[in-house]
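Chemist: The structure is given below, and queries will be raised subsequently.
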Amino acid sequence: MADCFGGNSVADSDRVDSAVKKKRLSKTEEPGGIDHAGEMRLRIEQTIRAIPRGKVSTYGGIACLAGFPGAARLVARVLRRGFGLPWQRVLGAGGEIKLTGDSAIEQRLRLESEGVRFRGRRVDMKLHEFKALLSKRAGSRQNSGPLKKRP
């Protein structure tokens with residue numbers, strides 16, 4: 001499985017899968033007092049709340065930014081169960097609205113009211129993709145500006 005930055009991250013995906021399975025099998029914390037699934041949910045919620053008005057991210061992008069590459073479905077689950085989250089700012093891959101019916105119409109209207117522009121049925125990700133947290137990751141140059149040559 002590819003991680004957020006194009007490399008392979010089997011260990012990370014195994015860690016996410018393991019934590020999700022543990023939460024499904026047991027509603028209690030680990031013996032050491034660490035609630036991994038609760039920590040994952042909180043990190044995903046914090047990442048979603050960090051998206052400013054006029055910017056969007058994908059389910060997979062949120063998972064990567066929260067530190068759980070490959071956990072896009074977990075992001076969708078957190079959005080379904082969460083309250084007060086800016087759900088309209090989270091889209092499918094390529095900027096596509098994945099909701100159906102009235103929910104899809106409402107999402108598009110909310111995004112347009114925030115100044116997000118569409119190209120057909122998709123958000124113009126070049127203009128509106130939220131990348132600020134990526135620049136804090138090692139190896140990411142998404143928002144670092146032009147490279148300068150060293151003397």
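Chemist: Specify the residue that is nearest to GLY92 (Cα to Cα); the eligible residues are those in the stretch 51-62 that are buried (at least 17 other Cβ atoms within 10 Å of the Cβ) and not polar (S, T, N, Q).
Modeler: Taking the stretch 51-62 and keeping what is buried (at least 17 other Cβ atoms within 10 Å of the Cβ), we get 51, 55-62.
Now drop any that are not not polar (S, T, N, Q), which leaves 51, 55-56, 59-62.
On the way: ILE51: 15, LYS55: 14, VAL56: 10, TYR59: 6, GLY60: 8, GLY61: 9, ILE62: 11 Å.
That would be TYR59.
Chemist: Could you identify the single residue in LEU65, LEU79, LEU91, LEU74 that is buried (at least 17 other Cβ atoms within 10 Å of the Cβ), of a type in the set (A, V, I, L, M), within 14 Å of the chain's Cα centre (by Cα) and within 22 Å of ARG119 (Cα to Cα)? Write out each step before concluding.
Modeler: Details: LEU65 fails: within 22 Å of ARG119 (Cα to Cα); LEU79 fails: within 22 Å of ARG119 (Cα to Cα); LEU74 fails: within 22 Å of ARG119 (Cα to Cα).
Going through LEU65, LEU79, LEU91, LEU74 in turn, the sole match is LEU91.
Values quoted throughout were computed directly from the atomic coordinates according to the rules given, and no laboratory measurement underlies them. Note that the structure is a prediction, hence the values are computed from the model and not measured. Don't worry about glycine lacking a Cβ; one is built from the backbone with ideal geometry, like all the others, and counts go over all protein chains shown.
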